[in-house]
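Written below as structure tokens is the structure these notes are about.
The values are calculated or read from the model by the stated rules, or taken from the named source; none is laboratory data. Since this is a predicted model, take the numbers as computed values, not measurements. For neighbour counting, all protein chains shown are included, and Cβ atoms are generated from backbone atoms with ideal geometry for every residue, glycine included.
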Amino acid sequence: MFKKGEKMALAKSLKMFLTIFVATTCIYMVLYQYHLSREPITQPKYIKPPLYIITPTYRRAEQLAELTRLGYTLKHVVNLLWLVIEDANQTSPLVIHTLNRIGVPYEYFLAPMPDEYKNTKKAKPRGVSNRNRGLDYIRANATSGVFYFADDDNTYDISIFEQMRYTQKVSMWPVGLVTKFGVSTPIIRNGKITGFYDGWIGGRKFPVDMAGFAVSVKFLHERPNAKMPFKAGYEEDGFLKSLAPLNLTDIELLASNCTEILTWHTQTKKNANASPLNLTLHGDTNLVSLNTFLVRT
Ligand code: UDP
Ligand code: MN
């Protein structure tokens with residue numbers, strides 16, 4: 001047992017030890033706060049390369065539904081500019097309203113299909129004017145990053161956007177629900193492209209789907225004449241050929257070396273135009289307001 005004097009001495013040194021400990025901790029905290037306050041405001045060390053998503057759209061009953069679905073997918077992706085380009089002669093307040101609601105950074109342009117293609121009985125080159133207008137925007141405004149043609153009716157897993165973002169030249173990956181084969185993809189053997197799997201080859205050098213490739217902005221700038229031809233069925237092939245020189249060995253394979261499906265060529269069932277609203281019956285109801293949100297051709 002300790003004697004009374006020893007106890008007091010022990011308590012005293014314990015008190016002293018605690019005082020020194022608390023004081024040192026406080027001094028450190030003050031110094032650390034001072035150090036933090038002197039640090040310059042840190043910029044993010046690494047900003048991801050920008051993505052330009054070119055989306056052709058056109059007036060039809062499903063239009064706002066398609067743009068809503070795609071827009072909220074794109075909302076999960078950072079540093080992205082959505083280039084929405086409508087095949088029309090006049091802007092659509094309903095499209096603008098929808099884009100504003102979604103809140104993804106966007107630009108909205110018009111690019112009508114030339115009459116000679118619009119009035120043809122043959123298959124139309126759908127979305128070509130729109131995509132070429134998107135390319136013009138990129139040539140005039142973008143210096144780095146990657147662009148991708150995302151039709152308004154297709155379906156996209158957001159991980160493909162993070163993968164395509166780092167494309168150096170041209171990247172490719174499989175697209176589900178295309179032709180009778182169910183998938184369109186480069187065929188990979190020992191890590192290399194040995195051909196293309198697509199239900200319709202049609203003599204194409206690059207028999208791929210619009211949803212299955214992305215291109216670097218720098219690569220486009222180095223090819224000032226690259227554009228998409230008005231040739232139904234050959235839009236992808238014509239555009240990729242216009243990017244020459246482009247060898248199969250230049251193509252970067254995404255979706256785990258083309259073993260996963262992250263984009264789908266979906267098609268929405270066509271819907272008839274809504275019948276006109278009978279104002280005599282419903283003129284004093286909510287149907288008047290709802291009617292203003294229905295797209296008719
Ligand atoms: N598109 C267009 N004008 C048209 C038809 C289609 O701008 O007259 C757009 C459409 O919104 C889509 C793309 O072009 O983003 C491809 O059209 P669609 O989905 O009809 O073609 P598919 O996928 O069936 O080949
Ligand atoms: Mn489509």
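Cβ-Cβ contacts under 6 Å between residues 6 or more apart (or on different chains), taken from a first residue in the range 160-189 that is over 25 Å from Ala244 (Cα atoms) to a second residue that is outside any helix (DSSP H, G or I) and aromatic (Phe, Trp, Tyr), are listed as Gly176/Trp264; Leu177/Trp264; Thr179/Trp200.
Listed conditions (1) in contact with an Asp or Glu (Cβ under 6 Å, 6 or more places away or on another chain); (2) away from ligand 1 (no atom under 16 Å from the Cβ); (3) not hydroxyl-bearing (Ser, Thr, Tyr) are all met by Met210, apart from (2).
Counting residues that are farther than 30 Å from Asp250 by Cβ, which strands (runs of 3 or more DSSP E) fully inside the range 64-170 reach at least 3? So the answer is 106-110. Exactly one condition in (1) under 23 Å from His265 (Cα atoms); (2) at pLDDT below 95 is not met by Gln43; state its number. The one condition Gln43 does not meet is (1).
Per-residue answers, yes or no, for (1) within 16 Å of ligand 1 (Cβ to nearest atom); (2) more than 14 Å from the chain's Cα centre (by Cα); (3) not aromatic (Phe, Trp, Tyr):
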residue	(1), (2), (3)
Thr120	yes, yes, yes
Ile138	no, yes, yes
Asn141	no, yes, yes
Tyr156	yes, no, no
Tyr166	no, no, no
Thr179	yes, yes, yes
Val183	yes, yes, yes
Arg204	yes, yes, yes
Val217	no, yes, yes
